[in-house]
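Data first, discussion second: the structure below is written as structure tokens.
Taken together, the values in this text are just the output of simple stated rules run on the coordinates, not laboratory data. Predicted model only: the values in this text are computed from it and were never measured. Counting neighbours? That spans all protein chains shown, and the Cβs are built from the backbone with ideal geometry, glycine included.
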Amino acid sequence: MTEIGYYSILISLFFSFYCGLALILGIKNRRAEVIASAENAALAVPVFLTLSAAALIYALVTRDFQIEYVARYTSRSLSLIYTLAAFYAGQEGSLLFWSWILSLFTAIVIFQNKKKNRELMPQVLLVLVAVTFFFIFLMTFATNPFKTLNYRPFDGQGLNPLLQNPGMIFHPPALLIGYVGFTVPFAFAMAALITGKLGSTWIKTTRKWTLTAWAFLTAGNLLGMEWAYVELGWGGYWAWDPVENASFIPWILATAYLHSVMIQEKRDMLKVWNIVLIIFTFLMTIFGTFITRSGLIASVHSFGESTLGWFFLFFLLLALVGSFTLLFFRLPHLKSRNQLDSLLSRESSFLINNLLFVGIAFTVLWGTLFPIISEAVRGTKLTVGPPFYNAVVAPVGLALLLLTGICPIIAWRKTTLKKFAGKLGFPLILSGFGAAGLYLYGIRSLYALVTFIFCIFVAVNLFMEFYTGTRTRHAVFAERYPKAFWKLVIKNKRRYGGHIVHFGVVLIFMAFAGSVFNIQKQVSLKKGESFKIKNYTLRFDALSTYPTASKQKVVATLTVMNDEHPVGIVSPEKNLYLGLNQPTTEVAIHTNYKEDLYVILAGYDKDLATFKILVNPLVVWLWIGGGVMVIGAIVVVLPERRKGV
Amino acid sequence: MAGKGEKTDADRFKKEPNDFEQQEHTMLGYIIIFGLVIGACYWVINPLLREEDFQKDYTSQPEDILEKLESKKDGVYATIKELEFDLSMGKLSEEDFQILKRQYLQEAAGYMEEMDKLESLKATVSQPTKSDLEEEIEQEPTAHRTHESTGKKHIYCTSCGKRAAAESRFCGACGANLHKRSKNNVQEEN
């Protein structure tokens, strides 16, 4: 199977090369049949990459340890699902996954545009196939997934225990699909620049691609947070690790882009800005990969140092210089016809929103690169920690949250101050009551108080949008309320789907604010002893040790009481995997809608055990909010039915 | 390439017993890959042999331009819809609404004019290629359809922008009364 897989990669390399060449010739000589041939070649690439992927999966499942990749990431005792997940556990496999998905996306783009955008397609395809070629090239000449060992080990090294978590099944593919998805709008933007067809066509064509990629990236990031929370065992979900940042930056830029394209569609403004945003979103997806492969910046995600980083750096610079040269040449054609009509308009609030998003992206990028920059400038590697990021991102994030609430009240073009104030009254009054209530409840942290007030304000505004909309439909079209509500959302999916996404954002901010009240305590207990944290009482009952096929398990059992009401048993674990020196931690989490009780078995002796116990308020709302965001995004991309009121 | 060179014939003999099965699978894989390569090559070369079929593909067709204008026009009407809803939700004053609506209607009228021009241009270009009989068949109902005052085959609904036959009373898409409005439409376009 090794040969099949490798030859398939070589063949797809050939076809993608041919495709690029034929496109260049076809575009230059205006020969439609050459371009059609190139299109067919681009359709052949996913066929062979699928074959290659199938060969790798076959090798993984049959445990063909002769293949180095299989020996490194699987073992005989590994369960089937993680064996399949090992496909993208390592560098070579994830590159195959990347190019495979990209080639499939390219095929979908070709089918979608058989009859549309004919004048853009050759250039779109050229960009897509160039990126695909780069990834396939890496697999053939730098990191071949089918590299064989000159002996056949009896067993493989197995998958890193930290990766053996349900997170592994969903987080990497979601993130990778998100990354790859942004290549499509980027390709269309480049095609628009090359052909000079700079209207909104490219934006409209790629709107759903962008949204889908964004939804995958959102889900991928949140799944990663969840994974870190339950698996890494330090009690949090986000640590501003370079690789976390690397997936956060494209997300932030893509979010800015999703907002700013609306201004181009509606008002024909911000053309250059949109192109710049999508270029940087794409570059940042490559940058993220570059960081993980280069070993340049230390991170939990690193694949270890390899020469691959330089390929990515080269590609990154090439894409940067290429796209900006194109942009520069087209700059005179990108002048906007319209101007802002008023400072108090939705356009200007979108503009502020964009500046804030880009500000966050730049800050995070700066912090991530700071170790490299400081080493270059001052000779010492300085790392910036969470305080740096929090100091900038938290206030800017809050400002964005506030805009989320204000934006829907403001109409396009202009809103009179009187009308604006009238709309603002009710939400402000409710927020005021909310603030008073929270203060009386005992919340004194300014940051948390401000966040909660903003959350209430935005939530009320969003609710009012649905409420007045439904009432209006009820009055205008004489529909019953449930039907009016349903029609309201379905007839204007973009706007109301967006509101749903924003509602998810509110929930997430609520969870962030909850982290201000995290309590953390460390305690050593003898069997039978109890310990009190906040309103929880934990009694240490037993410590048991037993071996399983792949590891030595140490399980502590604690009975949990919440204000004298028994709520159950938590059992944090320490696992010693065979062949690994470092024990891994399996935390126990007891969740309710108010807070998480998070118990870590930090250490143990005969009948004395040390626990790190945390109470993290409102964490569950982070995951719920994430789910709501993804649902909102799905509402937005739902296909449009043609006829309608 | 990388990593493939190490395997020698001697290694092949040392394989474990279950390798027989694997070798069979490998053979199957080779057959599949060979078949696919042949198929793909044919698939890629084929368009090059049918040069003339593709020549007309490259220049942009009037249909494409029409479609684009249509989508622009639809976009304008969607915006107007949104404005109407904003108005009824109280986000927009009546005065602003009227100003904006007039601007957008003018924009839409511009697109429609362009579309009409293109349609008539297309008709003059494509007519000679049609057979006499075809022409005859098409001409007859056209005569009926033609609008008395403007000589147009169709009009546009002013409330949703969809095209409708000139003699129809109501818009097929939104049900608006065309008879009353078509006059306004004509006036506006003039």
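Table for the structure above
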read-out: Per residue convex hull volume, Cα atoms of region A:1-164, in Å³; value: 103
read-out: The protein assembly as shown - Kirkwood radius from inverse mean 1/r over Cα pairs (Å); value: 30.7
read-out: Computed over chain A: relative contact order in percent, which uses C-alpha pairs under 8 Å that are six or more apart; value: 10
read-out: Within 10 Å of each Cβ in A:134-141, the average number of Cβ atoms from other chains; value: 1
read-out: Rounded, prolate or oblate (a/c below 1.5 giving rounded, otherwise prolate when a/b exceeds b/c) for region A:518-621 by Cα gyration tensor; value: prolate
read-out: Partner chain coverage, peptide B:40-51 - average Cβ within 10 angstrom; value: 6
read-out: Rounded to the nearest 20 debye, dipole of region A:518-621 from Cβ charges on Lys, Arg, Asp, Glu; value: 200
read-out: Region A:518-621 - percent relative contact order, Cα under 8 Å, separation 6 or more; value: 26
read-out: Net charge, A:Lys553 excluded, C-beta distance under 9 Å - Lys, Arg +1, Asp, Glu -1; value: 0
read-out: Relative contact order (%) - region A:40-193, alpha-carbon pairs under 8 angstrom, separation at least six; value: 37
read-out: Helix-only CD estimate at 222 nm, as mean residue ellipticity for the protein assembly as shown, using -39500 (n - 2.57) per DSSP H run (n ≥ 4); value: -22000 deg cm²/dmol
